[in-house]
Amino acid sequence: MKWLTVLDKRAGIRNTIELPEPSPKKTGRERKEMSLAQEHRGEEKTDPKTRKPLYPVFWDSEYLDLPIVEKRKQKRPAFDSETVTGLVGSAKSYVQMVYTLAAALGMRIGEVLGLEIDKHFSDDFSTVLVRQKVRKCKTEDYLKTDNAYRDIDLHSSVVKTLKEFIGLRTSGFLFSSRNGKPLSDSNILNRHLHPSLEDLGWSDPKTGDRTAGNHAFRRFRNTHLRNLIQCWLGHAGKSMTDEYSQVRDDLKYRKLVAEQVGIGFELPIQSAPVVPNVPKSGFAVEAEAAVNCSEVSYIQRCARSSVG
């Protein structure tokens, strides 16, 4: 059959069928008014073009063959006070400070690694300002939820340890590589946390697993701070009481509670020696060379005196 014949037949069919006139296009204002009217009448919102529900919420679990989720069987490990004390006490260098902040403040690991010395601490380092996070060694200037933007007050013991860790640094990431870039949370997990848990002989009392993620520190703080969970951990409020709560804005009260509540674990008497991974400046290199030269000259003088 030739194409011309096909077109002729289609034209004939089209002429014999009376098609409805297309409805005029509605403006954005008209579509919005239509949606508000449906909501006012208690009707289900539909798309003006397709007339299909905008938000279909019916799920046929049997048809979809979805697995049944049982929370008590989920892997959600949480450390206890003894485990956190052991992890912090055995950690070396910067990892000790990472564990301390994660457990004492209940921060997500990405939020901890995203802290910058000159941007996210108060002048006396007694308050942490959570404003960004690190994911896959890259900084993200947004957080998980709006409630995650928060100010957290530190216990005096943590403030002391933090100041010792920062030392003379005035800017840059609190935890960084030698080239000044953010650290990887997976490296902390695989190189430090998992081996430390194995050394402690830790196992999840619910599942028996011998490994846990960095989020277990946050769950530890969650357990320790039940009454202030919305303020400290950045969870969304669940009632009108939470909506009218002014705890976030009452700095004096927050600092008082921070001292009274404590951190829930014991810090080591002597912190691990910390050598921050920061690029050496020209002055630092010269100072190090001068120290080395003085040590050599001292050894030479001692050798001459012993010979004489």
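Here, each number is a calculation from the coordinates, and none is a lab measurement. Predicted model only: the values in this text are computed from it and were never measured. Cβ coordinates were reconstructed from backbone atoms using ideal geometry, including for glycine residues, and neighbour counts include every protein chain displayed.
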Practice task
Once you've got the Cα coordinates, tell me which of Lys73/Lys138; Lys119/Lys163; Lys92/Lys138; Lys163/Lys255; Lys160/Lys181 are over 22 Å apart.
Solution key: Lys73/Lys138; Lys92/Lys138; Lys160/Lys181
Handout entry: Kirkwood estimate for region 88-184, i.e. one over the average of 1/r between Cα atoms, Å
Key = 13.5
Handout entry: Highest-first arrangement of 211-219, 95-103, where packing means the average Cβ count within 10 Å
Key = 95-103, 211-219
